[in-house]
Amino acid sequence: MSKYKTIEYPEIQEAYELINEGFNKKSMIIILAECHVEYEGRARSKLEPGDRLILIKKDGTFTIHQELNLDPVNWQAPGCKNYVELTDKGELILNSKKTKPKEEIRVYLDEVYTATYYNCIDTKNLEIRGYEKHMVDLAWEKPDLLEKGFTPTRREYQTDNGFIDLMGKDKNNTLMILEFKSRKAGTNAVKQLKGYVDCFNESQEDLRAAIVAPDITDNAMELLEEYEMEFISMDPPLDLLKQKTSTLDSFF
């Protein structure tokens, strides 16, 4: 059995059939196309026609990338309902819907250059090693470094969206979810934390979530505030500071 299927410059019907087959097989779907995009949710936006890369993962993650920059121009977190439709007018449309909060992205595929679905097998999880692990160790041993009255309860807690670095309760017994970064935190760290929070939204009304890092970019802080999450400043242990280097994420 082939792990992937690809078509290049397909007719609309061919593109629809392959993309729909990818959804039915719960595969990763990758599309390069000229498209225009409409978003409705916390606000409304419209992206005029252009060449873009669309990546849809089997957990519901939906991202649209332009030629430049690290982050997608439009995206939906894991857990969304994604599907493709071919209208009577001959429009090929990708839909990504989220119910809580209500958000929807509609991608009108004006011309598909290539479309692929890929049956990925990847059961490994990223292990915490090095800087972040030392920061979590320190927070576990000296929780007041994070916040007076904080009590750690779990570390590397598994969710559908990955492993939470550290969980605990604040002085008011409110659940706290903490994501640690040893360097300046960027928007990817915020999105990662948001994915963890989404796993608790329906079952946990009272919850706090925070990025723990030496510093945070302006864009990441803006996104953090939009999600009503927090930033806690904390440096890695002193013996590790001399080894620190920059990463791409520290600039976004």
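The values are calculated or read from the model by the stated rules, or taken from the named source; none is laboratory data. This is a predicted model, so every value here is computed, not measured. Cβ atoms come from the backbone with ideal geometry, glycine included; neighbour counts cover every protein chain shown.
For the reader, a short list of remarks on this structure follows.
- In segment 84-102, the residues that are not assigned by TED's automatic domain parsing to the domain that holds Tyr39 never reach a residue that is of a type in the set (S, T, N, Q) with C-beta atoms less than 9 angstrom apart, at least six apart or across chains.
- Residue count for segment 22-46, restricted to those that are aliphatic (A, V, I, L, M) and modelled with pLDDT under 95: 1.
- Residue check for Leu224: touching a Phe, Trp or Tyr at 6+ places or on another chain (Cβ under 8 Å), closer than 19 Å to Thr153 by Cα and surrounded by 15 or more Cβ atoms within 10 Å (Cβ to Cβ): no
- A Cβ distance below 8 Å, combined with a sequence gap of six or more or placement on separate chains, defines the contacts here; from segment 213-228, residues that are under 15 Å from Leu70 (Cβ atoms) reach residues that are charged (D, E, K, R) in the pairs Thr217/Lys184; Leu223/Lys191.
- Qualifying residue in segment 5-17 (condition: surrounded by fewer than 18 Cβ atoms within 10 Å (Cβ to Cβ), basic (Lys, Arg) and in a loop (DSSP other than H, G, I, E, B)): no
Residue-wise test of (1) at pLDDT below 90; (2) basic (Lys, Arg); (3) touching a Cys at 6+ places or on another chain (Cβ under 9 Å).
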| residue | (1), (2), (3) |
| --- | --- |
| Lys97 | no, yes, yes |
| Lys100 | yes, yes, no |
| Glu111 | no, no, yes |
| Leu126 | yes, no, no |
| Val136 | no, no, no |
| Lys148 | no, yes, no |
| Thr151 | no, no, no |
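- Among the residues of segment 17-54, those identified as touching a residue at least 40 places away in the same chain (Cβ under 8 Å), over 30 Å from Tyr227 (Cα atoms) and in contact with a Pro (Cβ under 9 Å, 6 or more places away or on another chain) are Leu18, Glu34.
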